[in-house]
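Report on one structure; see the data block that follows.
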Amino acid sequence: MTIELGGESFESDLFEVVKNWFTHKDAIPQSWKGDLKPTSPMSYSDLQILGASGCSDLVSLSRRAMKRLKPLSDTLRELASAMEAQSNAVCTNFNAVSNMGSLIFLPNELLVRILQFVVDGDPDQANSARSKAAITLSHVSQYFRNTALSCAALWSYVTGSSDVDTLCFPRSKDALLDVEMHVGYLPNPRNFVLEQSLNNILPYSRRWRSLLVEVQAAEERMQGQNVDINDVFRGLDLRSLESLHLRPRVVSRCFGGLRDFRYLDAPNLRHLTSVHVYPLSLLTLANLTTLNMTFRMGHVGLADLHNDLSRMKALESFSLKLESGNGRSDGHLYAKLEFLRVRQLKIEITNRWEQAPIGLGSFFSSMSFPVAVDFHLKFLGVKHSERNFEFYELRNILQHVTQFPCVEMFCLEANALTVVSRTISSAGETQNYRIPRKDITSIAPLGLLPSLKHLTLCSNGRMLPCLRSKPTYMYWERWTSEEPPEELLIVPSLETVTIRASMPAATGMSSFVAEILQKQKERGDWGKFRELIVVDGDQAKDGGTCVSEHSEAYTGDSALEWCEKRKAMSPDE
């Protein structure tokens, strides 16, 4: 259909506009510009001179220009939009076709790397998920299958599932194995219930690279072979074992009979993670570079622990979690112990107020970490009342300036939970918790960290850190020494301070930070300070590390202004 506008067809106008654009890069042809020239604003006196007839001519001329250009503009806009959609679709299709085509030319070595990344990319993924990913990849195409089967490392994960292990293990060839033993525990007699696939893998212990032993209460319908708990590691050749992880789940004392590790031949063991069990007789402790252990006080003697730690000369990363239990105050005198290679240190103490706390002053006073640069100290208090929480154990850990002379990054985390109910199930007693809306007081003698540059404070409640002790604490004299000299209360010049807590909980921290920064400014070291980072977040229900939700950064004097503003607010704001 032909549209006639001003004596010229719409198609001819469109053709002329497009031609002029390609020729001159100008949207308006030169022959049109006289009629399309915009009319400049006119004064009322000029309009009177022009008269009614002249004004009518201007309106007519402007209307003709609009009727000529607007259809062209609308049509070209619709065309451009439709063309853009089609172009995007074609480009997407081209990328997909190109990717499909590139698989034909993908070198085998590169495809192997891709498959390994898919299977091994997530370090926290369970072996069962890794094996299933390898199986899925082998079903994509014949080329993928041949490549996956040629890569023995993809099939090196032992899951404890008979069906999966039976399929994957023969494909692992001579590759080193990562073994997960999810076994059942029978208390009388003390036996482990092993899946048949785990029994089949025992003769190949020489190829084990990592071993995770996770124990849970065995159910009557659980299928497998019963093995005496003391014979689990007997006769195993673990010369390739680099990582050992012992983790009972339900029965905290399921390793009670497993005390003799003399038969565990693992000369190349480098990483040990132990939860509620400690292999005291393990002969290869001296070779460890990473130690992550959790145990309840009273289950392991501090003197035995101290003696074994003294053998670990190669240790580089050390994480120690202590849980209060049925023990007595520590009055033992320990020999001096230096960790000459430890650069990362984490100490976590869980204190349950219904149990008497154990003095740790002598134990930690004997230790020093001369090259440690990263120190994370975490406290968790659990009790039945809604009273305020007070953490003074930090003074039992930080005692003299020679303990942590090179620590530059220090994180102080203090969390609290209140027991609100208890439930009894077949698996045992379960306690339900909530975060109390009470103060959490913690002594923080930061002057004992002479190289401190980066301070992080984290809490799930209203944390009130302070540099010196409060005499109102009724048990203070039992667990701590005298006040430190005044010069040790001077915090080193900080570069960054990070607060991780909900905004109501940050009020108490702001007073502490303001005190530190104000003293630094008065000393003339204000130029070293870079920023205060405030991360507004919540804590996990188990008192875990803060999960970030929103963060703000404050530099220079704005950091002090934020602290003063928070101090003036109500704790509930």
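The values are calculated or read from the model by the stated rules, or taken from the named source; none is laboratory data. Just so it is clear, the model here is predicted, and its values are computed rather than measured. Cβ placement follows ideal geometry from the backbone for every residue including glycine, while neighbour counts extend to all protein chains displayed. Just so you know, the surface numbers come from the protein's heavy atoms only, side chains and all, with ligands and any DNA or RNA stripped out. Shrake-Rupley method; radii C 1.70, N 1.55, O 1.52, S 1.80 Å.
Convex hull volume of the Cα atoms of the stretch 1-149, normalised per residue: 259 Å³. For the pair residue 555 and residue 340, the difference between a 0.36 nm per residue extended length and the Cα-Cα distance amounts to 73.8 nm.
Once both labels are positioned 7 Å from their Cα atoms along Cα-to-Cβ, the gap between residue 91 and residue 66 label points is 3.6 nm. The share of accessible area on the stretch 106-175 that comes from carbon and sulfur is 58 percent, using a 1.4 angstrom probe. Remark: the stretch 106-175 carries 52 Å² of accessible area per residue (probe radius 1.4 Å; ligands, DNA and RNA excluded). Cross-link pairs exceeding 26 Å between alpha carbons, from the set 19/67; 313/528; 346/565; 521/565; 132/378; 519/567: 313/528; 346/565; 132/378. Scoring 137-146, 204-213, 153-162 by mean Cβ neighbours within 10 Å over their residues and listing the highest first yields 153-162, 204-213, 137-146.
Take residue 555: with every protein chain present and a 1.4 Å probe, its accessible area is about 80 Å².
Round to the nearest 10 and report in Å² the accessible area of residue 276, as given by a 1.4 Å probe over the protein chains' heavy atoms. Counting only protein heavy atoms, residue 276 exposes about 60 Å² to solvent. The convex hull defined by the C-alpha atoms of the stretch 71-119 has an orientation-averaged projected area of 4.7 nm². For residue 199 and residue 136, FRET efficiency with R0 = 30 Å and r from the beta-carbon atoms, rounded to 0.05? My answer for the efficiency is 0.65.
Under a model in which nothing but the beta-carbon of Lys, Arg (+1) and Asp, Glu (-1) is charged, the stretch 106-175 shows a dipole of about 200 debye around its Cα centre. Across the stretch 14-82, how large is the tail of the calculated P(r) beyond 17 Å, expressed as a percent of all Cα pairs? Result for the distance tail: 55 percent.
Take the Cα of residue 490, step 7 Å toward its Cβ, do the same at residue 175, and the gap between the two points is 5.9 nm.
Is the shape of the stretch 106-175 best called rounded, prolate or oblate, per the rule: a/c under 1.5 gives rounded, else a/b larger than b/c gives prolate, else oblate, with a ≥ b ≥ c the square roots of the Cα gyration tensor eigenvalues? Prolate, since a/c reaches 1.5 and a/b exceeds b/c.
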